[in-house]
Amino acid sequence: MGILNITPDSFSDGGIFLSKDNAFKQARQMFEEGADIIDIGGESTRPGAQSVSIQEELDRVIPILSKIRTELPISISIDTSKATVMQEAMAAGANMINDVMALRGEGSLATLAAFPNVQVCLMHIQGEPRTMQIKPHYDNVIDEIKTFLLERVEACLQAGINSHRLIIDPGFGFGKTVAHNLLLMQQLHIFTKLGYPVLVGLSRKSLIGKILDKPLKKRLYGGLALAVLAVNKGARVIRTHDVAATVDALKMTSAVLQHSD
């Protein structure tokens, strides 16, 4: 899953792809590098990020979604927590909704239920982006995240969203300390055994920077190590800014994991 942020303030690439031409050029490049999914976001969810209006988010994501849908044979995900944006995006051809709030927003469950061919990724977050990194605390981080995700799965099932449409994401970096994130990666198999595909997004995140003492632009190798570990533990979707390198790393990982005499 290649990341395409149509925002001025995303933590890694804010402002770079605000123009439709630049955004589409990046989408085409990620497609050519081997991305299976392009994840378009019109509102930053970095720590401390401010929310944007529904109309602003629509103005950012719908034009590039429509262009990609017309010109590239690739699955398109929309990274949003707003039911109206979900509705418009799915009507324009989005194949997936990637929601950091796990469809807890008003109207989100009903909106997804009305589009039976669209997948949805349910992510765990403690708090919300503006406050999530202010002293996050858990009594048992693994159990609490597992319980939350299963509760959101059940809410989807009760709303008429079939289980085969669901993907889960433990939410690395979303209301978690370095220690929480490391434990999540160690125990990722607990989530991959729940019966739903697991998405992992660790590309360029502060966990890598803090452990390696590296700035944003020098976190590729740490991110590749985490991507390989995640797939080895059963993750099915890797969300990344660096598609070409990640595709190569995961092709090698897959070759080893799937090899038989």
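The values are calculated or read from the model by the stated rules, or taken from the named source; none is laboratory data. Quick caveat, the model's predicted, so the values are computed rather than measured. Please note: Cβ atoms are built from the backbone with ideal geometry, for glycine as well, and neighbour counts cover all protein chains shown.
The set of residues in the range 238-253 that are of a type in the set (D, E) and either within 25 Å of G195 (Cβ to Cβ) or over 18 Å from the mean Cα position of the chain (by Cα) (or both) contains only D248. Contact list please: Cβ distance under 8 Å, first residue in the range 239-260 and more than 11 Å from M30 (Cα to Cα), second residue crowded, with 19+ Cβ neighbours inside 10 Å and among the acidic types (D, E), pairs at least six apart or on different chains. Close Cβ pairs (under 8 Å, with a partner that is crowded, with 19+ Cβ neighbours inside 10 Å and among the acidic types (D, E)) amount to R239/D39. Out of F174, F115, one residue alone is surrounded by 14 or more Cβ atoms within 10 Å (Cβ to Cβ), of a type in the set (F, W, Y) and over 30 Å from I208 (Cβ atoms). It is F115.
Checking every residue in the range 204-227 against the condition of being of a type in the set (D, E) and under 16 Å from the mean Cα position of the chain (by Cα) gives zero matches. Filtered by the rule that a residue be without any contact (Cβ under 8 Å) to a residue 40 or more places away in the chain and either of a type outside the set (G, A, S) or not in a helix (DSSP H, G or I) (or both), the range 84-93 gives T84, M86, Q87, E88, M90, A92, G93. Inside the range 95-135, residues that are over 12 Å from T80 (Cα atoms) and part of a loop (DSSP other than H, G, I, E, B) make up a count of 20. Pairing each residue of the range 213-237 that is within 29 Å of Y196 (Cβ to Cβ) with any residue that is crowded, with 19+ Cβ neighbours inside 10 Å and of a type in the set (G, A, S), provided the two are 6+ apart or on different chains, yields C-beta distances under 7 Å for G223/S203; L224/A249; A227/A249; V228/A249.
Taken over the range 118-159, the criterion of being under 16 Å from the mean Cα position of the chain (by Cα) and surrounded by fewer than 19 Cβ atoms within 10 Å (Cβ to Cβ) is satisfied by E128 alone. A Cβ distance below 7 Å, combined with a sequence gap of six or more or placement on separate chains, defines the contacts here; from the range 66-83, residues that are modelled with pLDDT of 95 or more and buried (at least 16 other Cβ atoms within 10 Å of the Cβ) reach residues that are part of a helix (DSSP H, G or I) and of a type in the set (S, T, Y) in the pairs A83/S108; A83/T111. Within the range 29-49, the set of residues being out of contact with any Leu (no Cβ under 8 Å at 6 or more places or on another chain) and closer than 23 Å to G127 by Cα comprises E43, S44, T45, R46, P47, G48, A49. When the residues of the range 19-50 are filtered to those that are more than 14 Å from the chain's Cα centre (by Cα), part of a loop (DSSP other than H, G, I, E, B) and exposed (fewer than 15 other Cβ atoms within 10 Å of the Cβ), the one that is modelled with the highest pLDDT is G34.
Looking only at the range 58-81, decide whether some residue is assigned to a loop (DSSP other than H, G, I, E, B) and within 23 Å of C156 (Cα to Cα). Within the range 58-81 (the criterion being assigned to a loop (DSSP other than H, G, I, E, B) and within 23 Å of C156 (Cα to Cα)), the answer is yes, since at least one residue qualifies.
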